[in-house]
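Have a look at the structure below before the remarks.
The values are calculated or read from the model by the stated rules, or taken from the named source; none is laboratory data. Values in this document were obtained by computation on a predicted structure and should not be read as measured data. Cβ placement follows ideal geometry from the backbone for every residue including glycine, while neighbour counts extend to all protein chains displayed. To get the accessible areas, we keep the full protein, side chains included, count just its heavy atoms, and leave off ligands, DNA and RNA. Shrake-Rupley method; radii C 1.70, N 1.55, O 1.52, S 1.80 Å.
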Amino acid sequence: MELEKIISEAEDFLPLLGTDHVEIIVGNAKQAAYYYMSAWGFQPLAYKGLETGSKDSVSYAIRQDKITLVLTSPLEPGGDLNRHLNDHGDGVKNVALWVNDATMSWKETTKRGAKSAFEPYTIEDDNGKVVLSGIHTYGETIHIFVERKDYNGAFMPGYTAWTPDYKPDPVGLKYIDHMVGNVDWGEMNTWCKFYAEVMGFAQIISFDDKDISTEYTALMSKVMSNGNGRIKFPINEPAEGRKKSQIEEYIDYYKGAGVQHIAVATDNIIETVTQLKARGVDFLYVPDNYYDDVLDRVGEIDEDLEPLKKLGILIDRDDEGYLLQLFTKPVLDRPTMFFEIIQRKGAQSFGKGNFKALFEAIEREQENRGTL
Ligand code: FE2
């Protein structure tokens, strides 16, 4: 087994060390940074803007443990950032992956059919250098490969360390567990094939519309994982139902494929969600009767049921253990991107047992929006 693992890592043409950062294009980066710091416990990390010589855009990098978000807004009319905002509203543009060799990553993926977003180039400052390259994935989303083995600065050349006095406490978020992409009708297999052939990922789970449907709506999903399992990208597409799939609602408002949710891991979901709720983050809720028979379904768990019920945290079990999870409402104006909070206690799956209750909760929100 150990030998198999070593061999498969040696053959991995795109070894990924982890998620480097996620860049979200927003209408007002300063206020978005304040939201993610105040409500979500991210810490100030780095800044670029007029003061650092960035004339046309401003970016705030914020961090909590291994999760780094970059919030970027245009400073002038026109240009690609404004067009991105106009088309999509606030949304994820770059899913940056941390690699040892950004040049090789670009060569290996473009050789296998990836469309280049930009060729490898080096940026430098007094703290060293970073090499970046980029390829297109679904919609307008880009995977940036970030090589930073010779860099000791706060974040990246071009940025200055950002050290305001205002630093709300973290809420216990650790790392990105998975990031989900929504793609259009009939496109799921195309993009799963892309992750398999271009990036060397393997499909680890597949859910069809029978697994993921309620009385009214449906979707399909496949989960793609890289070789070492650090990067997991589920891909969703809408499926036919009596009413409009939540994936179709996303596509309608995002104007195409894009990142649907970022799942962030915690070691103590009760504490994390208590904090997030106290700071104003809105979560989906399931009816109280979800908890009537949940322990019959998932068996014994370490936590008391009462606080989980009070916070609306969902529970599921697979062959390897169980997991606790909860989903926010969309965190921006359009009904597009949201977050999932997840605590894994052995389980490596994605909460299939909660899909029905969860999607009924989403349908209630769609109903309120008039988009069901
Ligand atoms: Fe998820």
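Which number in (1) assigned by TED's automatic domain parsing to the domain that holds P335; (2) in contact (Cβ under 8 Å) with a residue 40 or more places away in the chain marks the one condition that K149 misses?
Among (1) assigned by TED's automatic domain parsing to the domain that holds P335; (2) in contact (Cβ under 8 Å) with a residue 40 or more places away in the chain, the lone unmet condition for K149 is (1).
Answer yes or no as to whether G49 is open to solvent by 20 Å² or more (accessible area, probe 1.4 Å), over 30 Å from E108 (Cα atoms) and at pLDDT 95 or above.
no
When the residues of segment 332-354 are filtered to those that are open to solvent by less than 20 Å² (accessible area, probe 1.4 Å) and not in a loop (DSSP other than H, G, I, E, B), which remaining residue is nearest to the ligand (Cβ to nearest atom)?
E340
Inside segment 152-191, can you point out the residues that are away from the ligand (no atom under 16 Å from the Cβ), among the hydrophobic types (A, V, I, L, M, F, W, C) and within 18 Å of the chain's Cα centre (by Cα)?
Within segment 152-191, V171, W191 qualify.
Residues being farther than 30 Å from N226 by Cα, assigned to a strand (DSSP E or B) and polar (S, T, N, Q): count how many of those fall in segment 19-66.
1
Filter segment 158-172 for residues that are under 19 Å from Q275 (Cα atoms) and touching a Ser or Thr at 6+ places or on another chain (Cβ under 6 Å) and give the result.
Within segment 158-172, P168, V171, G172 meet the criteria.
List the strands (runs of 3 or more DSSP E) that sit entirely inside segment 227-331 and contain at least 2 residues that are open to solvent by less than 10 Å² (accessible area, probe 1.4 Å) and within 14 Å of the ligand (Cβ to nearest atom).
Answer list for segment 227-331: 232-239, 258-266, 321-327.
List every residue pair whose Cβ atoms lie under 8 Å apart, where the two residues are 6 or more positions apart in sequence or sit on different chains, the first residue falls within segment 73-90 and is closer than 16 Å to G258 by Cα and touching a residue at least 60 places away in the same chain (Cβ under 8 Å), and the second residue, located anywhere, is open to solvent by 30 Å² or more (accessible area, probe 1.4 Å) and acidic (D, E).
D87/E140; H88/E140; G89/D333; D90/D333
Of all the residues that make up segment 97-138, how many are part of a helix (DSSP H, G or I) and in contact (Cβ under 8 Å) with a residue 24 or more places away in the chain?
Total meeting the criteria: 7.
Any residue in segment 224-248 that is more than 21 Å from F194 (Cα to Cα) sitting within a Cβ distance under 6 Å of a residue that is within 13 Å of the ligand (Cβ to nearest atom)? List the pairs, counting only those 6 or more apart or interchain.
S245/L219; Q246/I362
So which of N86, N94 is within 19 Å of T141 (Cα to Cα), crowded, with 16+ Cβ neighbours inside 10 Å and among the polar types (S, T, N, Q)?
Unique residue meeting the criteria: N94.
If a residue has to be surrounded by fewer than 21 Cβ atoms within 10 Å (Cβ to Cβ), of a type in the set (A, V, I, L, M, F, W, C) and over 14 Å from V331 (Cα atoms) to count, how many in segment 17-44 make the cut?
2
What is the one condition in (1) touching a residue at least 12 places away in the same chain (Cβ under 8 Å); (2) open to solvent by 40 Å² or more (accessible area, probe 1.4 Å) that K193 does not satisfy?
All conditions pass for K193, except number (1).
Can you report the number of residues in segment 150-175 which are open to solvent by less than 20 Å² (accessible area, probe 1.4 Å) and part of a strand (DSSP E or B)?
Result for segment 150-175: 1.
In segment 188-226, which residues are of a type in the set (S, T, Y) and assigned to a helix (DSSP H, G or I)?
T190, Y195
Can you go through F338, F355, F350, F327 and tell me which one is in contact with a Ser or Thr (Cβ under 6 Å, 6 or more places away or on another chain) and within 29 Å of D252 (Cβ to Cβ)?
The match here is F338.
Looking at segment 199-226, which of its residues are open to solvent by 50 Å² or more (accessible area, probe 1.4 Å), out of contact with any Asp or Glu (no Cβ under 8 Å at 6 or more places or on another chain) and more than 14 Å from M188 (Cβ to Cβ)?
Scanning segment 199-226 gives A202, I204, K210, E215.
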